[in-house]
Amino acid sequence: MLANGQTVIQMMEELAPKHYAVEGDKIGLQVGTLNKPVSKVLVALDVTDEVVDEAIAAGANLIIAHHAVIYRPLAKLDFSTPAGKLFEKLIKHDIAVYISHTNLDVADGGINDWMAEMLGLEGRDHLEEVHNDQLYKLVVFVPKAHHKQVLEAMWKNGAGQIGHYSNCSFNIDGTGTFLPGEGTDPFIGERGKLEQVAEVRIETIVPMSVRRKVVQAMLKAHPYEEVAYDLYAVDLKGRSFGLGRVGRMPEAATLEELVEKVKQVFEVPFVRVVGKLDKPVRKVAVLGGSGGRYVNKALFVGADVLVTGDIDYHTAHDALAAGLAIIDPGHNIEKLMKPRVAQWLARKLEDKGYATEVEASALSTEVFQFI
């Protein structure tokens, strides 16, 4: 059985939820429809004419890419222009395009984590917070006989997590009263008769990211026709998510040694370097894509070096003057997302019994030549 496009994207958003994205980022469905069976997914960094040809040859009818194919507002769709021809080809071959950009950067197990892992960084934290998982208090009243099943259903779906502690709740015995009216089908008691039932008041914490799932699981496990529960925001900081990663190298190295490691693990022939090559480096900040805006953040967290792409001349001078080294391996190193996303999504689809295939684009979309 083939997975529907919406099902594929629901799985993708388990890895990179849309609400992790930086405000204004161009993510989500950009071309086509997800309301169709998907035979094959092609995972790409960029959506170029060559990548679309690759999708056609592979029989893919959904492209999941990191960089937006529609980045600026379109005034018109002129099929005689390069961009117009690209969209015409996508539309004629019924290929949908879905973008996962800064949400994939921010996500745990996303691009910035992969970069940090490839460099062997330890004790990682994010470079800049962009999202906090707002906490809610869920209070529900349950008959004693069903206390355990309702509580475990909520825990199983993400409730009760406080820091490094899980399955957190508070439970109070009490008496619930209700009077079933006309048209009701009470689980306990009779219509027109006031009931008093031994119940447990359960209180637990629910992060916003799993709020709907927890409530649905609670309602499904609860025996009552009408469930009495409260859900309200609390003034407590939840889990933080952010762009970039900062960590420490297992052993001190020179900037030159780190440069060689960056070239090796990211498979790039050249990098641009700011700083003295014999400079000792231990604390490293990484950020996929264009990281010029994050030089001050890297300085603030005490990084010795920032590994990122697209550093401009004047930003490089400012970093050098402030004592921050920079290694710029280019924007295209985000290509590392292709095999990792493809593998993750293929495993999810297979676990659910879907025959939809997932393939990583084999094409390089590096726009620069190194001569």
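The values are calculated or read from the model by the stated rules, or taken from the named source; none is laboratory data. As the structure is a computational prediction, the values presented were derived from the model and not from experiment. When we count neighbours, we look across all protein chains shown, and the Cβ atoms used for this are built from the backbone with ideal geometry, even at glycine.
Residue by residue, here is whether (1) in contact with a His (Cβ under 8 Å, 6 or more places away or on another chain); (2) touching a residue at least 60 places away in the same chain (Cβ under 8 Å); (3) outside the structural domain of D46 (by TED's automatic domain parsing); (4) of a type in the set (S, T, N, Q) holds:
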| site | (1), (2), (3), (4) |
| --- | --- |
| P73 | no, no, no, no |
| K76 | no, no, no, no |
| A83 | no, no, no, no |
| L90 | no, no, no, no |
| I99 | yes, yes, no, no |
| M115 | no, yes, yes, no |
| L121 | no, yes, yes, no |
| Test: D94 is farther than 26 Å from G244 by Cα, touching a Ser or Thr at 6+ places or on another chain (Cβ under 9 Å), charged (D, E, K, R) and surrounded by fewer than 16 Cβ atoms within 10 Å (Cβ to Cβ) | yes
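Can you give me the ranges of the strands (runs of 3 or more DSSP E) entirely in region 218-337 with at least 1 residues that are without any contact (Cβ under 8 Å) to a residue 24 or more places away in the chain and surrounded by 12 or more Cβ atoms within 10 Å (Cβ to Cβ)? Outline the logic, then answer.
On the way: elements: 229-233, 240-254, 272-274, 280-290, 305-309, 325-328.
The qualifying strands (runs of 3 or more DSSP E) are 305-309.
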| message | It is to be established whether one or more residues within region 158-167 are at pLDDT 95 or above, of a type outside the set (G, A, S) and more than 28 Å from K40 (Cα to Cα). | response | yes
| note | The residue from T175, T204 that alone is part of a strand (DSSP E or B), at pLDDT 95 or above and in contact with a Ser or Thr (Cβ under 8 Å, 6 or more places away or on another chain) is T204
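To keep it simple, each residue is scored yes or no on (1) at pLDDT 95 or above; (2) of a type outside the set (D, E, K, R).
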position	(1), (2)
A221	yes, yes
Y229	yes, yes
K237	no, no
G244	yes, yes
R248	yes, no
A252	no, yes
E260	yes, no
F266	yes, yes
G288	yes, yes
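Quickly run through region 3-59 and pick out the residues that are of a type in the set (S, T, Y) and either more than 18 Å from the chain's Cα centre (by Cα) or in a loop (DSSP other than H, G, I, E, B) (or both). If you could, list the steps in order and put the result at the bottom.
Quick first cut of region 3-59, residues of a type in the set (S, T, Y) only: 7, 20, 33, 39, 48.
Passing the criteria: T33, S39, T48.
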